[in-house]
Structures are given as structure tokens and as C-alpha cells.
1. Quick check on this structure: which one of 128, 152 is surrounded by fewer than 16 Cβ atoms within 10 Å (Cβ to Cβ), assigned to a helix (DSSP H, G or I), more than 16 Å from the chain's Cα centre (by Cα) and of a type outside the set (Lys, Arg)?
2. Quick check on my filter: what residues within the range 11-22 are farther than 17 Å from residue 150 by Cβ and surrounded by 13 or more Cβ atoms within 10 Å (Cβ to Cβ)?
3. Please enumerate the residues belonging to the range 122-151 that are of a type outside the set (Ser, Thr, Tyr), farther than 17 Å from residue 169 by Cα and out of contact with any Ser or Thr (no Cβ under 7 Å at 6 or more places or on another chain).
4. Residue pairs, Cβ under 9 Å, 6 or more apart or interchain, first in the range 73-100 and farther than 14 Å from residue 27 by Cβ and assigned to a helix (DSSP H, G or I), second polar (S, T, N, Q) and at pLDDT below 90. List them.
5. Can you tell me which residues in the range 101-125 are assigned to a helix (DSSP H, G or I) and either without any contact (Cβ under 8 Å) to a residue 24 or more places away in the chain or of a type outside the set (A, V, I, L, M) (or both)?
6. If a residue must be farther than 23 Å from residue 8 by Cα, among the aromatic types (Phe, Trp, Tyr) and touching a helix residue (DSSP H, G or I) at 6+ places or on another chain (Cβ under 9 Å), how many such residues does the range 153-187 contain?
7. Considering every residue within the range 43-54, establish whether at least one is farther than 17 Å from residue 177 by Cβ, in a helix (DSSP H, G or I), hydroxyl-bearing (Ser, Thr, Tyr) and in contact with a Leu (Cβ under 7 Å, 6 or more places away or on another chain).
8. Out of the range 12-47, which residues are more than 17 Å from the chain's Cα centre (by Cα), over 20 Å from residue 194 (Cα atoms) and not small (Gly, Ala, Ser)?
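The values are calculated or read from the model by the stated rules, or taken from the named source; none is laboratory data. Everything numeric in this text was worked out from a predicted model, so none of it was measured. When we count neighbours, we look across all protein chains shown, and the Cβ atoms used for this are built from the backbone with ideal geometry, even at glycine.
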Amino acid sequence: MHIAEGVLSGPVLASGAVLAMAGTAIGLKKIDYDRIVHVAILASAFFVASLIHVNVGPASVHLILNGIVGLLLGFAAIPAILTALFLQSVFFQYGGLTALGVNVVVMAAPAVLVHYLFLPLLGKSSTLTFVAGFLSGLLSILCSSLLLGLSLWFTDKNFFETSLVIITAHIPVMIIEGIITGFCVSFLLKVYPEIIPVKKK
């Protein structure tokens, strides 16, 4: 899912940087500093999950866990994902500093989306909790794949076939992420419910 250096056009990189900065500013304002440890834990999980990857054209396929990060953090997922991607870029050369903004948007925007779509389902019942987690994991990868494909397409229309290959290659990841996220959320709700921001009635 990381877009490599030197692939995207200047306008796409600039747009990604602007959106990432705006999202990070909102995320920092929305962080509940009583939950800063939760943000750090989830950023670490995101960092580790995406270290093992398989290259597919100008990007890579790997577990991301942006669904569970977004589901549990909301807008705070953006600075969490930014931090993890920055460290991966510096220490492991995954993605790159010039593509950092686009990579943040690709992975963090769907994370925020699933938070608002599926958070209300958490805690309603064990079945709904698992379904919410599964859909969060699946939809976050689907949307990230689409955003990645659009980034390549806006850079060069000749990237259309590559975009389709990348989206197709992520279909197994969507299912795996959905299952992992569903089980993780269900487990956390039982053993550590404090990490889940379920709104009180």
C-alpha cells in the first residue's frame, strides 16, 4: 500500500501533503489526551503490521490494520498513522518522504470513514460488534486501494491497468483484515473495553 518515491506527479504529491496536514491538525485537536496511550498502542500495531509486505508494481501489498485504528481512534488515527509511516520511511525506506502525504491520505482517510460508519454498532451485541469490525477492516482496505489507484491514475492515465492490478491484489487482504479486525474488536470489548470509545447512552 506504500507508494514509492518518484512515482507520483507533483500536483498529486502536493494535494496529498495539504490534505494530510489538514487532517493531522484536526486529529491533534480531537485527541483525548487521557487516551494518548491507546493512540500509541494502535500506532505501534499499525507500524508492525505493515512491515511485512509484497511489492506489486509501484506499491506493496501487506496487512495494514487501518480499519481497527480508525474504528477506535477516529480523527486521531491520522496523526497516529502519519507517525508510523514517517518512521517506516526513515528507518526502512517504505514509501518515502515526498510521498508521505499521499500515503497518509490513502491509509488514514478510510480509517476515519469507518469510525463514523461502524462505531455506533460496537457493544450492541457480540454479532454486531464482529460485523462492525469485519466491515471496518474490509472497507478500509477497499477504500485505501481505490485511493491508491486514483493517485496513480491522476499521475498518469497509463497507470490504469496497474491500478486495477493493485486493487485486485488487495482483495484477499480485505477479507483477512476484516476477519482480524472483527475478532480483535470483539476480544477487546471483553477484556479491555476502555480502549473502545463506545458512546454512553
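1. On inspection, the qualifying residue turns out to be 128.
2. 21
3. 124, 128, 131, 132, 135
4. 88/50; 100/89
5. 101, 103, 110, 115, 116, 117, 118, 120, 121
6. Adding up the residues that qualify gives 1.
7. For the range 43-54, residues farther than 17 Å from residue 177 by Cβ, in a helix (DSSP H, G or I), hydroxyl-bearing (Ser, Thr, Tyr) and in contact with a Leu (Cβ under 7 Å, 6 or more places away or on another chain): absent.
8. Hits for the range 12-47 are 12, 13, 18, 29.
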